[in-house]
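First comes the structure, then the notes that go with it.
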Amino acid sequence: MTHTPPAWPPSLYADTAVPPVPTPALDVDRVVSVAIIGGGFAGLSTALHLAEQGTDAIVLEAREPGWGASGNNGGQLNPGLKFDPDTIEATFGADLGRRMIAFAWDTPTFTLDLIRRLGIECDARQNGTLRAAYRETAAAAVEATAEQCRRRGMPVSVLDRNAVGEATGTDRYVNAMLDRRGGDLQPLSFARGLARAAIAAGAAVHGQTKAVSLRRESGRWRIETPHAVVRAEKVLIATNGFTDDLWPDLRRTIVPVFSSITATETLPDDVARQIMPTRSVLYESGHITVYYRVDASNRLLMGGRGPMQWIRDPQAVAYLMRYAARLWPSLRSVRWTHGWNSRLAITADHYPHVHEPGAGALIYLGCNGRGVALATAMGKQLARRLIEGEAAELDLPVTAVKPIRFHALWPLAVKSAVLYGRIRDRLGL
């Protein structure tokens, strides 16, 4: 483990992804309509949708497209937001609340349609998402969520203990909600495919091009990078878990946390048939979420909270390997080949945040662990907002930049929350 970011996280994805499209560092000054800071799903999708509408856009990425959480997540296309539909409507009102629900729960379909339209090779599948409960209290919450979703016409069903056992190959769970819109993909291949598509549509994408300063100058945004200056009419900041002090106070509006994943070798056919035979993805309903899937090459990927620093091998998250063997005893002799992590952004209210803090400035961050489909779909809406301004209605609230109180204490708070959550899960609270 280390506090120093790796040149590239040592992931299964890095070993198996499609080749990257060239994204050379920017070395000449540019004047563009829109500059996008951050080359993850949100930034790349926004660039793509801007370019497809004839707007010249440039993506400035400090590392390479997909280097952050976008290319190093669980690969799950999960519908929805953290909160139940009734809570969202009660919080944001009937109009915005209903639009948020319709948008967020349909993001996997949007993403899969986009992949098909662009012909992106990323092992995308739509085999459903399971939200599984192993405690009776969590099982009741799963039932309540499913009822609210069904009331709104969503394609969800609740699997009882026997049915969820057949779907997962383990007797661990009391019940699970199946949302047939969910699915999975190889996230680094998807990020690289988005970058390739954005460039083909006319956008410029530059890796190894960190935005080091941002200010207004003569009615435009002036962005300094190590070797060139970009001047843009409008700017989008989409840096999520790697947000720094480029915009005042923005870093203190999110808590960057590490999410870790470990992957097995390709499983023998007889073992692979026993584990998640429907190939749905699964995340557990608990205080500390464990999530997993079997990929297109019959490898099991297990994810969850890990050390709050960079990891380089599976032993750093040995608890996930032990948990997998508890779920499926046939895995006790299986070799785990990869262990890696990356930083995602958690917001205080657990909703994604959209800010418009200045003339021609737009910010999107805080996917709260649901960024694969959500950030991709938001790209289309962010692009429309950048083109049309406030006339382009967003399906998420636009809020002020509001720093989290006592933000400097977040590392201790995260560690305490993880420990407290694990204790509550073990006690069934």
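The values are calculated or read from the model by the stated rules, or taken from the named source; none is laboratory data. Computed from a predicted structure; not experimentally measured. Here Cβ is always computed from backbone atoms with ideal geometry, including for glycine, and neighbour counts include all displayed protein chains.
Miscellaneous remarks
- Some residue of segment 260-281 being modelled with pLDDT of 95 or more, in a strand (DSSP E or B) and under 19 Å from L178 (Cβ atoms): yes
- Filtered residue count, segment 211-227, keeping only those that are charged (D, E, K, R) and surrounded by fewer than 16 Cβ atoms within 10 Å (Cβ to Cβ): 4
- Subset of segment 168-209 [among the polar types (S, T, N, Q), over 25 Å from S330 (Cα atoms) and surrounded by fewer than 23 Cβ atoms within 10 Å (Cβ to Cβ)]: Q208
- Test result for V334, surrounded by 22 or more Cβ atoms within 10 Å (Cβ to Cβ) and either part of a loop (DSSP other than H, G, I, E, B) or modelled with pLDDT of 95 or more (or both): no
- Criterion violated by A146 - all others in (1) within 18 Å of G66 (Cβ to Cβ); (2) of a type outside the set (D, E); (3) without any contact (Cβ under 8 Å) to a residue 40 or more places away in the chain satisfied: (1)
- Search result, residues across segment 244-281 that are over 15 Å from the mean Cα position of the chain (by Cα) and β-branched (V, I, T): T253, T262, T264, T266, V271, I275, T278
- The set of residues in segment 171-219 being among the charged types (D, E, K, R) and without any contact (Cβ under 8 Å) to a residue 40 or more places away in the chain consists of D171, R215, E217.
- Once segment 243-259 is narrowed to residues that are assigned to a loop (DSSP other than H, G, I, E, B) and not β-branched (V, I, T), the residue that is farthest from L301 (Cα to Cα) is P248.
- In segment 3-42, the qualifying residues are those that are part of a helix (DSSP H, G or I) and hydroxyl-bearing (S, T, Y), and the one that is nearest to I387 (Cα to Cα) is Y13.
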